[in-house]
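J.: Have a look at the structure that comes next, please.
The values are calculated or read from the model by the stated rules, or taken from the named source; none is laboratory data. Since the model is a prediction, treat every value here as computed from it, not as a measurement. All Cβ positions, glycine included, derive from the backbone under ideal geometry; neighbour counts span all protein chains shown. In case anyone asks, the SASA skips ligands and DNA or RNA and just uses the protein heavy atoms, side chains included. Shrake-Rupley method; radii C 1.70, N 1.55, O 1.52, S 1.80 Å.
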Amino acid sequence: MENFTFYAPTYFVFGRDAEKETAKYVKRFGGKKVLIHYGGGSVIRSGLLACVKDGLDSAGIPYVELGGVQPNPRSGLVYEGIELCRKENVDFILAVGGGSTIDSAKAIAAGAVYDGDFWDYYQGKIVEEALPIGTVLTISAAGSEGSPDSVITNDNGMFKRGATGEALRPKFTILNPALTQTLPPYQTACGISDIIAHLYERYLTNTKEVEVTDRMIEALLLTMIHEGPRAMEDANNYDARANIMWAAMMAHNNSCGVGRSQDWTSHDIEHELSALYDCAHGAGLAVVMPAVFTYNMEHNIMRFAQMAVRVWGCQMDFEHPEKTAKAGIEALRQFLISIGMPKNFAELGAKEEDIEKLAHTACYGDVRNGTLGGFVELHQDDVENIYRLMI
């Protein structure tokens, strides 16, 4: 296990009607003028936005609003939010929605107190200062409600890139599983896929002797395998939704990733797909992961075989461990298909003729240095080969 530091101070408020306490926690963490950031009409139609605003009104906390966040959130709205925060002297950002809304709120929070272009943070600069952020979560998926990370698509070139920094961890997060019960099945499945991907990205490591975090990741994957279908079968299953919601946070606040190298190849390769075709991130990951794992399997067959046995219930073939490893990857693929995720390029709306462009942008676009991967170092020809496995 490698040396590490870990500090995750987000205050979590979990359970039914937790959103009614939002204003209490805005005040507790110093909010005096709030930007409420949200996406489309669902938070309006459900009454959630009105509930949050009523709470702030009752607490005497003034606010301004900025809606319009879309999946794969865009830089244009971030710039608008930064300008609004400065104009209105906002000192607290409140994200009401899913991972895209929270990621956009984080970008605004960082940019509002930065003299340069906020995109600097999405080219490798660490975020060391940001306005405080609170979240009211409506989708279990990205884990942004507990993480120091944010992903934004730059309208100029359609580069989808990530930023990180402890200043981006939310001060508090409101988690009411009932708020996720109205999600369409496809969105629920996309969230499950994203959670699973966050766990695999950490499991694929070159660090030795990481049994504690291996077992944590395996336990969370087993939870998703059990609870995912229950939520798909009965959207109103509160207990399944509750377990998925907490698993999503645990999968990405990095408690499972400390002391070990991590991969993130699947995310980097998928980001090009959702940037170019605007497909759902989780759907893209469902197609990308089996291809990446198949391509990289030979690097450490026993790591994939261990996952196959411990999580997917495959029998260990000691004479031919590659068969066990392949069986685990296939079990993952079939699980994702079973919950309604796409299985190939065509079902994502991706085009074979774009593969060279996708691979080049993944490796060289927007200050990239030509290689990807924390588990296996991949070059453009490798990435092209991986995309071809998805056809």
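J.: Output the number of residues of segment 215-259 satisfying the condition of being open to solvent by less than 10 Å² (accessible area, probe 1.4 Å) and over 20 Å from the mean Cα position of the chain (by Cα).
T.: Total meeting the criteria: 1.
J.: Right, something else. Taking the options Gly328, Gly373, name whichever one is under 22 Å from the mean Cα position of the chain (by Cα), of a type in the set (Gly, Ala, Ser) and modelled with pLDDT of 95 or more. Outline the logic, then answer.
T.: Working: Gly328 fails: under 22 Å from the mean Cα position of the chain (by Cα).
Within the list Gly328, Gly373, the selection yields Gly373.
J.: Further question on the same structure: Can you name the residue in segment 13-48 that is under 21 Å from Asn236 (Cα atoms), in a helix (DSSP H, G or I) and not small (Gly, Ala, Ser) and, of all such residues, is most open to solvent (accessible area, probe 1.4 Å)?
T.: Out of the qualifying residues, it is Arg45.
J.: Considering only segment 195-213, state which residues are touching a helix residue (DSSP H, G or I) at 6+ places or on another chain (Cβ under 7 Å) and among the charged types (D, E, K, R).
T.: Scanning segment 195-213 gives Glu201, Arg202.
J.: I need the full set of residues from segment 364-391 which are in contact (Cβ under 8 Å) with a residue 12 or more places away in the chain, part of a loop (DSSP other than H, G, I, E, B) and of a type in the set (Val, Ile, Thr), in order please.
T.: Val367, Val376, Ile391
J.: A further question on this structure: Within the set of pairs 6+ apart or on separate chains, which have a first residue in segment 146-162 that is closer than 12 Å to Thr361 by Cβ, a second that is open to solvent by 50 Å² or more (accessible area, probe 1.4 Å) and modelled with pLDDT of 95 or more, and C-beta atoms under 8 Å apart?
T.: From segment 146-162, the pairs are Met158/Leu276; Arg161/Gln123.
J.: Could you check Val78 against (1) β-branched (Val, Ile, Thr); (2) assigned to a helix (DSSP H, G or I); (3) surrounded by fewer than 21 Cβ atoms within 10 Å (Cβ to Cβ) and say which number it fails?
T.: (3)
J.: Could you tell me whether any residue of segment 177-185 is open to solvent by less than 10 Å² (accessible area, probe 1.4 Å), hydroxyl-bearing (Ser, Thr, Tyr), outside any strand (DSSP E or B) and out of contact with any His (no Cβ under 6 Å at 6 or more places or on another chain)?
T.: Yes: one or more hits.
J.: So which residues in segment 305-363 are open to solvent by less than 60 Å² (accessible area, probe 1.4 Å), among the small types (Gly, Ala, Ser), part of a helix (DSSP H, G or I) and touching a residue at least 24 places away in the same chain (Cβ under 8 Å), if there are any at all?
T.: Within segment 305-363, Ala325, Gly328, Ala359, Ala362 qualify.
J.: Right, next: With Val90, Val96, Val127 as the choices, which residue is of a type outside the set (Ser, Thr, Tyr), part of a strand (DSSP E or B) and either buried (at least 22 other Cβ atoms within 10 Å of the Cβ) or touching a Gly at 6+ places or on another chain (Cβ under 8 Å) (or both)?
T.: Only one candidate passes the filter, namely Val96.
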